[in-house]
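Asker: Structure provided below as structure tokens; questions to follow.
The values are calculated or read from the model by the stated rules, or taken from the named source; none is laboratory data. Note that the structure is a prediction, hence the values are computed from the model and not measured. Cβ sites come from the backbone with ideal geometry, for glycine too, and all protein chains shown count toward neighbours. Calculation scope for accessible area: heavy atoms of the full protein, side chains included, ligands and nucleic acids excluded. Shrake-Rupley method; radii C 1.70, N 1.55, O 1.52, S 1.80 Å.
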Amino acid sequence: MGLRARRSASGSPGAAGPRRGVLPLPRLLLLLLLRPGACGAAAQGEAEAPTLYLWKTGPWGRCMGDECGPGGIQTRAVWCAHVEGWTTLHTNCKPAERPSNQQICFKVCDWHKELYDWSLGPWNQCQPVISKSLEKPLECIKGEEGIQVREITCIQKEKDIPAEDIICEYFEPKPLLEQACLIPCQQDCIVSEFSAWSECSKTCGSGLQHRTRHVVAPPQFGGSGCPNLTEFQVCQSSPCEDEESMYSLHVGPWSSCSMPHARQVRQARRRGKNKEREKDRGKGVKDPEARELIKKKRNRNRQNRQENKYWDIQIGYQTREVMCTNKTGKAADLSFCQQEKLPMTFQSCVITKACQVSEWSEWSPCSKTCHDTASPKGTRVRTRIIRQFPIGSDKECPELEEKEPCASQGDVVAPCATYGWRTTEWTECRVDPLLSQQDKRRGNQTALCGGGVQTREVYCVQANENLLSHLNTHKDKEENKYQSTSKSSAAPFLSITFEITASKPVDLKSCTGPVPNTTQLCHIPCPIECEVSPWSAWGPCTYENCNDQQGKKGFKLRKRRITNESTGGSGGSGNCPHLLEAIPCEEPSCYEWKAVKLGDCEPDNGKECGPGTQVQEVVCINSDGEEVDRQLCRDAIFPIPVACYAPCPKDCVLSMWSAWSSCSHTCSGKTTEGKQIRARSILAYAGEEGGAQCPNSSALQEVRSCNEHPCTVYHWQTGPWGQCIEDTSVSSFNTTTTWNGEASCSVGMQTRKVICVRVNVGQVGPKKCPESLRPETVRPCLLPCRKDCIVTPYSDWTSCPSSCKEAITCRKQDGGPAGIHECLWYAGPIPALTQACQIPCQDDCQFTSWSKFSSCNGDCGAVRTRKRTIVGKSKKKEKCKNSHLYPLIETQYCPCDKYNAQPVGNWSDCILPEGKVEALLGVKTQGDTKECGQGYRYQAMACYDQNGRLVETSRCNSHGYIEEACIIPCPSDCKLSEWSNWSRCSKSCGSGVKVRSKWLREKPYNGGRPCPKLDHVNQVYEVVPCHSDCSQYIWVPEPWSICKVTFVNMRDNCGEGVQTRKVRCMQNTADGPSDHVEDYLCDPEEMPLGSRECKLPCPEDCVISEWGPWTRCTLPCNQSSLRQRSADPIRQPADEGRACPNAVEKEPCNLNKNCFHYDYNVTDWSTCQLSEKAVCGNGIKTRMLDCVRSDGKSVDLKYCEELGLEKNWPMNTSCVVECPVNCQLSDWSPWSDCSQTCGLTGKMIRRRTVTQPFQGDGRPCPALMEQSKPCPVKPCYQWQYSQWSLCQVQDAQCGEGTRTRNISCVVSNGSADDFSKVVDEEFCTDIEPIIDGNKKMVLEETCTQPCPGDCYLKDWSSWSLCQLTCVNGEDLGFGGIQVRSRAVIIQELENQHLCPEQVLETKSCNDGQCYEYKWMASAWKGSSRTVWCQRSDGINVTGGCLVVRQPDADRSCNPPCSQPHSYCSEMRTCSCEEGYTEVMSSNSTLEQCTLIPVVVIPTVEDKRGDVKTSRAVHPTQSSSNPTGRGRTWFLQPFGPDGRLKTWVYGVAAGAFVLLIFIVSMIYLACKKPKKPQRRQNNRLKPLTLAYDGDADM
């Protein structure tokens, strides 16, 4: 940006161009005539065409230049244009008039921002905006809108000189030059009511009396001025006996004090006139001794005046004029004022001298000796001293100290020291502080984990990078200098580095900003115990090492795996239980053949039936049961074929052997032996002839031994890993590395103990356990890096206690030193430096100190005594025993003052005593005992004397308080029971839930820790998912029994029957079903059938095997797909027998009947589970994976796993249980100073802060963070002026005189409504004499006593209340204003022309209030009432209320109401009095008032029951009936217009109807009734009741 440094000579191109191009004709002719050769020029001008082309200029461009400031260049475009606006060639315009296209400018740079700024002038007066509508409203509501402007200039800040605006606009836009404003409504002067009339100005004859008023609010914003503040009226008294004096002696004011003339002049004047007087005076001092004394006295006074360097008192004189004045105010000869003694006309005085000060001293060094970006400038000071104190002048001395901002000078300015908070490292995480806040019973537990608290210390150090870099630079310079001279060790470098990096602590007050936290929550990882799977089945007898098959000793092994790896957290063992158990066995083998399937029975010799063999289909397996290459089993015994029998027709048919049952015992011993059973049943009986018969029942079952190994189980047992010991042999390892995310610096070794253990016996020799499976005993480990303790340097020494104290020094209030002259000026006279004291001599009598006076128990007149005794050798001296010289008892009368104590104010908070607080008896305290218990509350006591004056509380034998015991109830936390045991899993198969609960034992109260969310029975539950293995309990059926034929054909032994079998629920193990359990543990829906129908084939019939298993349905299930099962023919039928049926059975696949879909289901997350040793912190939420069948039933996971369904859900996730941290509070601060130095309402306050906010379910912070306590009542003593005396003029009747007042010591209770009462001055001796904030006591001042007949101004009225300019109670922001006024007092009517003008004075104020003014009116009295204006605070005023809203004060009727019994109503119409009705004329005017008849209705109590007459009664006449005996109605049938009223017609119509009714009733009563006709049939008709809805029927 740039700016013009000077204006172009061409001026504004846009405006100057046209004026120069076309001149007006008269001006053109005048120029032609005045120019030489005008004729020729005129002739030439006639030939030239008028100017049609003008130069045009564009805006100035940016200021360009190499340097900042003046000296830049800016350019603009200049072109020639036609007057119509289009551009043309430059040759068409005059070259001489071409404006400049470049100029010098001021180039603004960024650093100019510190030098230039906008200077904002004050807003000028608000000027009204010209309104579109000239008509103004009759009533001004808010004011008139206006505009006010101000001057804004860009200045150079240092020299305060104006600069171009474009410089400041470069950095900041130009502020607004004008703004809208409001011109409030005109406010007229408002005055108060008149005071009462004064007494008559004369005691006899004709005089004047006056009454005055004062200004309440001055006129503002063009309002009308104030009315006269004074009213006069003539008053008459008794005639004067003596003639009134017409003249008064008037004393003028004293002139200013001036020096007397020179001695020579005075002597010359007095030489002729006073020779005799001087002779007489000289005679009086001819005595040489007297003359010498006078001389010495004069010299001493002169020396005293010269030696005092602070003041020089000079004595001068002053005069005044004494004159005699007429009561008309004119001067008269002194002879008219007959007076024996005239007032003095001159007197000596002290020459007034102003304060004189010395020249300013030199500026002090800048207080900022370093560089600080936050506050770059400091201050420097210069002073001056007082040379001459002001004498006789009210003008105070000027300021003796001057400050200005400054910046430190110098090439190298060190950065200022800054201070910051530093913290130590966090301590170890501890859980026990949280436990002590919650459940103290758990505080004794060890190896706690979970959420905890750790602490650290905070200290303040001097540490800023700028200072460190400066010190480092200084260090480098010193180092280079040192190295240039000699090469030595780096000790200086190390010392400087230590000083910089490890800053020493400083005072905590030096650090600002928030203090770092000293406590924080932390987490100790909880140990995860190792979890293992169930044991697998015992494996075959195998070698310890199949690669090294030595000897015949082997082992049977069973294994389990780790399902959840352990972590070595706090308190965790980190070790898993053994995963392998071994049983020694004989004849081991590493590989063996396993029969997979048994082939069909092949009869021998190719026969169709008869004996045969079955070949087993085998595979080679290893010791883990895994299928391996068949070559590995070459040394194993191959299974031999099994003998079988293929039944011939009519032979007995047996079923296939069932599978071997599970072994009855896992091992064999002396009393136990493992057995397995298998069975088969008869499918068909043999024929009677030629068929092979069925065996007996014993041949249908086989038993074999199993698990023949002894019950001696061995396993390796490992101990915990030992401490990591550094391995010095490993030296090539890196110095620092990380292992498992932790930094480490060296390698170590850990060892553990491994032994062979026999189960239920103990340690045995290691050969009993398989050596190849022995766990390792040594492993490497990494040692953590060593951390040395680091401490800061010592802080600076504290200041030494001062053992030497000066007697008297002059100090400032802030403790700084000051000169003695300042104390003499500001602090009064110097205190006494010495005081009398007495050291007893050897011969003196010695006594003990006086005891305290005895208490006064009696009334006034009682005495109290005090005693002392003789001590030491004084007991033997006779003079010491003289009770007259040395009395041993001293008596004095008790004070007769009577005092009474009264409690004042409210009770304080309940305050616990300081120090250790004991718990209340029977009250359970929890947490910190300083928070609750028995305390005291206090109420202040005030002591008054018999005159009602506040005195010290000690006078009432009180320490100032009433104490009352109180209780701060201790907070009691929510108390829950311990967790119950976990319930069983809700499902026996698949995923369910298990629950445990706590129940409420005690509710919280008094701010105790709240309860968690409880249910309707006040319990809280914890629910976690659980999973039950679907194959944990299984149904185990026995083989089917032989089919029992129900319809027996004895010949054939065949037919239909029933088969049965036993079904038991057994616990399933890795070795198969083991123990029989209750049936409810197995799924009842899955229970196999215990009986079925069967068909026993006849001997000649075909026999088929049992049905095989159903084939699986293809998924998805569909009825179009089928499943099938098959059976094989075992015995062919005989010739006459029944042929074999179809051995294949099929059925459709129906969903949820014989075909099912399977899908995974994920349970909801459990609650956050913590370790048993944790109370909060990190936990785990779990959920379960379930396999759900399409009918909604949970099944074993293998069904979903076989389908290969995806399962991508995480089953565990981390969670956090918020630690329940109780609110921790700081100690109470010391009691603050009293809020009032004296009085009744003073309070002391102490506070405490929250050091640790509560978290989670911790105990919340109490609401009471501040306590108050009343201060002891102290009387408020102060100095107070008395009223001014009347103006006294010495030796004259009027003129300038003096008035005086005194100061007295008063006492009050400090409240605004308490009137101060005078007490002895000794109570104020320690109080600085300050009244109304002014130290200078004014006890005498000049005044003016008016002469008789003078017109004068009364004293100033008191300042009015501070009043704001408001609209509808809202301040308009013009500030408050106060006013006071002086009214004019006239003593003679003839002197009115000599009266001064009444005076008012205003001042601004801050504590203003909005006042409203409204009209008030009294009740009407006849046709008039009083109307006045009242301010909202109840003061009656004149002015302030809007005239247009003034209520009427007169309501007289026109024409007046002259008819009898008429009066003028509020509507200004004539009405009749009560008891009369109006009769109106045609033009609606009242013609007359007619009397209304009076109807008297007696009441029950009225004994005059025979009143039958109506009489006319005057409405104002009192009734003769007593009160309450009757009521009187005045009926007015005629309206105001003289016509009958409507109700009269209504009454007449009602009376007519009533008359007809009465006549009808009389007619019906008198008429004879007809005789009823007799009926022939007298049978009664049945009565029918119809319910009409009446509830009474």
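Asker: On a 1.4 Å probe surface of the protein chains, which of TRP1110, TRP593 comes out largest in accessible area, and what is the full order?
Answerer: Correct descending sequence by accessible area is TRP1110, TRP593.
Asker: Still on this structure, I have one more. Using alpha-carbon pairs under 8 Å, 6+ residues apart, how would you state the relative contact order of segment 1319-1417 in percent?
Answerer: Dividing the mean separation by the residue count of segment 1319-1417 yields 28 percent.
Asker: Please report the relative contact order for segment 1175-1267, taking Cα pairs under 8 Å with a sequence separation of at least 6, and give it as a percent rounded to a whole number.
Answerer: 28
Asker: Using a 1.4 Å probe on the protein chains only, how many percent of the accessible area of segment 68-167 belongs to carbon and sulfur?
Answerer: Carbon plus sulfur share of accessible area: 54 percent.
Asker: Next up: Once you charge only the Cβ atoms, +1 for Lys and Arg and -1 for Asp and Glu, what is the size of the charge dipole of segment 1306-1397 about its Cα centre, to the nearest 20 debye?
Answerer: Approximately 340 debye in magnitude.
Asker: With a point put 7 Å past each Cα toward its Cβ, work out how far VAL1017 is from SER983 in nm, to one decimal.
Answerer: Those two pseudo-labels are separated by 0.9 nm.
Asker: With all protein chains present, calculate the accessible area of THR1251 using a 1.4 Å probe and round the result to the nearest 10 Å².
Answerer: Approximately 80 Å² of THR1251 is accessible to the 1.4 Å probe.
Asker: Note down the accessible area of LYS202, probe 1.4 Å, to the nearest 10 Å².
Answerer: 40
Asker: How high is the FRET efficiency from ALA818 to ILE1245, r the C-beta distance, R0 51 Å, rounded to 0.05?
Answerer: Once the sixth-power term is evaluated, E becomes 0.95.
Asker: Also, I was wondering about something else. Could you work out the local net charge near CYS522, counting Lys and Arg as +1, Asp and Glu as -1, over the other residues with Cβ closer than 14 Å to its Cβ?
Answerer: Taking every Cβ under 14 Å from that of CYS522, the sum is -2.
Asker: Which net charge results when you count Lys and Arg as +1 and Asp and Glu as -1 among the other residues whose beta-carbon is under 15 Å from that of GLY121?
Answerer: -3
Asker: Quick one: net charge of THR1300's neighbours, Cβ under 13 Å, K/R +1, D/E -1?
Answerer: In short, 0.
Asker: While we're here: Relative contact order of segment 1374-1433, please, whole-number percent, based on alpha carbon pairs below 8 angstrom and at least 6 residues apart.
Answerer: 31
Asker: On to the next question. For GLU193 and THR319, compute 0.36 nm times the residue count separating them, minus their Cα-Cα distance, and round to one decimal in nm.
Answerer: Result for the pair: 41.0 nm of gain on full extension.
Asker: Sticking with this structure for a sec: If you stretched the chain out fully between GLN1280 and GLU404, how much longer would it get, using 0.36 nm times the residue separation minus the C-alpha to C-alpha distance?
Answerer: Roughly 311.3 nm would be gained on extension.
Asker: Express the C-alpha Rg of segment 1152-1196 as a ratio against the empirical globular expectation 2.2 N^0.38 Å, rounded to two decimals.
Answerer: Compared with the compact-globule rule of thumb, segment 1152-1196 sits at 1.76.
Asker: Which of rounded, prolate, oblate describes segment 1335-1460, given a ≥ b ≥ c as roots of the alpha-carbon gyration tensor eigenvalues and a/c under 1.5 marking rounded, otherwise prolate only if a/b is larger than b/c?
Answerer: oblate
Asker: Regarding segment 1209-1342, what are the three Cα extents along the principal axes, ordered largest first, in Å?
Answerer: 118, 31, 24
Asker: Using label points projected 7 Å from each Cα along Cα→Cβ, tell me how many nm separate VAL596 and ARG955, to one decimal.
Answerer: 12.1
Asker: Then there's this: Along the Cα-to-C-beta direction of CYS546, a point sits 7 Å from the Cα; which residues of segment 621-639 have their amide N less than 11 Å from that point?
Answerer: From segment 621-639, the list is 621-630, 632-633.
Asker: Which residues among segment 1090-1105 fall inside the zone where the amide N is under 13 Å from a point 7 Å beyond the Cα of ARG680, along Cα→Cβ?
Answerer: 1105
Asker: While we're here: Give the Kirkwood hydrodynamic radius (Å, one decimal) of segment 189-235, defined as one over the mean of 1/r across all pairs of different Cα atoms.
Answerer: Final number for the Kirkwood radius of segment 189-235 is 12.1 Å.
Asker: Then there's this: Beyond 22 Å, what share of the Cα-Cα pairs of segment 56-152 is found? Please give it as a whole percent.
Answerer: In whole percent, the share of Cα-Cα pairs in segment 56-152 beyond 22 Å is 65.
Asker: Taking Rh as the Kirkwood radius, which is the inverse of the mean 1/r over Cα pairs, what is the Rg/Rh value for segment 161-241?
Answerer: 1.56
Asker: At 0.36 nm per residue, minus the direct Cα-Cα distance, what do PHE336 and SER1214 gain on full extension? Give it in nm, one decimal, please.
Answerer: That pair, PHE336 and SER1214, stretches by 304.3 nm at full extension.
Asker: Now, a different point. Sorting THR1469, THR671 by accessible area (1.4 Å probe), largest first, what list results?
Answerer: Greatest to least solvent exposure: THR671, THR1469.
Asker: Here is a follow-up. Modelled label-to-label distance, VAL993 and ASP1164, 7 Å Cα→beta-carbon offset: nm?
Answerer: 0.5
Asker: For VAL458 and LYS875, what is the calculated FRET efficiency with R₀ set at 60 Å and r taken between the beta-carbons, to the nearest 0.05?
Answerer: That gives a FRET efficiency of 0.35.
Asker: I would also like to ask the following. Could you state how much accessible area SER849 has, in square angstrom rounded to the nearest 10, with a 1.4 Å probe and all protein chains kept in place?
Answerer: 100
Asker: State the dimensionless ratio Rg/Rh of segment 614-740 (Rg: radius of gyration of Cα atoms; Rh: Kirkwood radius).
Answerer: Reported Rg/Rh, Kirkwood definition of Rh: 1.33.
Asker: Also, quick follow-up: If you rank SER510, SER986 by how much accessible surface each has, with a 1.4 Å probe, what is the order from largest down?
Answerer: The ordering from most to least exposed comes out as SER986, SER510.
Asker: For an R0 of 30 angstrom, estimate the FRET efficiency from the Cβ-Cβ distance between ASP312 and THR153 and round to the nearest 0.05.
Answerer: My answer for the efficiency is 0.05.
Asker: Magnitude of the Cβ-charge dipole of segment 1248-1301, K/R +1 and D/E -1, about the Cα centre, nearest 20 debye?
Answerer: 280
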